[in-house]
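Read through the structure below, which is laid out as C-alpha cells, and then see the notes.
FYI, it's all coordinate maths here, none of it is from the lab. This one's a predicted model, so the numbers in the text were calculated from it and none came from an experiment. No Cβ is skipped: glycine too gets one built from the backbone with ideal geometry, and neighbour counts run over all protein chains shown.
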Amino acid sequence: MLINDHQRWLRDFYRSKHWYELSPEWRMNFITEEEGELARAVRAIEIGRSHPGEAAATTAEKEYNLREEMADIIDQVLILADKYGVSGEELLQFSEDKLKKRWHLE
C-alpha cells in the first residue's frame, strides 16, 4: 500500500463519517489521545500492565494493540497533513531531507 493512496482513502472515509470537518485543534487532541494509548501499549509489552479491571493480555494481543495504536497515530497525522495540503509522501521526503541536511549526509 502506498501512503498517498491510504491518505486519500482515509480522507474519503473520514468525510463519510463527518469527522474530516473537525478543526486541526480537535485533530491535535486526537493525536494526544492516541499517543497516550500507544504509551500504554508499549508499557504493556516492556514492563507489563497489571490492572484489576483487565484480563492479562497475550503476547499476540499486545503486539496487535501496539500496531493498532501506531496506525491510529499515523492516520491522525495523515488527516492533519491533508487538511494543510501536505501529502504523506511529502512528509516522508521532508523527514529524510531534513535529517540528511542536519547530519550533513548529502
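For the reader, a short list of remarks on this structure follows.
- Residue match in the stretch 23-44 (condition: closer than 23 Å to GLU90 by Cα and among the hydroxyl-bearing types (Ser, Thr, Tyr)): yes
- The set of residues from the stretch 13-28 being surrounded by 13 or more Cβ atoms within 10 Å (Cβ to Cβ) and in a helix (DSSP H, G or I) comprises PHE13, TYR14, ARG27.
- Taken over the stretch 50-106, residues that are within 30 Å of TYR14 (Cβ to Cβ), in contact with a helix residue (DSSP H, G or I) (Cβ under 6 Å, 6 or more places away or on another chain) and not in a helix (DSSP H, G or I) amount to 1.
- Inspection of the stretch 72-86 identifies at least one residue that is within 19 Å of the chain's Cα centre (by Cα), exposed (fewer than 11 other Cβ atoms within 10 Å of the Cβ) and under 21 Å from THR32 (Cα atoms).
- The stretch 44-62, subset under 28 Å from MET28 (Cβ atoms) and surrounded by 14 or more Cβ atoms within 10 Å (Cβ to Cβ), residue farthest from the chain's Cα centre (by Cα): ARG49
- Verdict on LEU10 being touching a Pro at 6+ places or on another chain (Cβ under 8 Å), surrounded by 13 or more Cβ atoms within 10 Å (Cβ to Cβ) and under 21 Å from GLN93 (Cβ atoms): no
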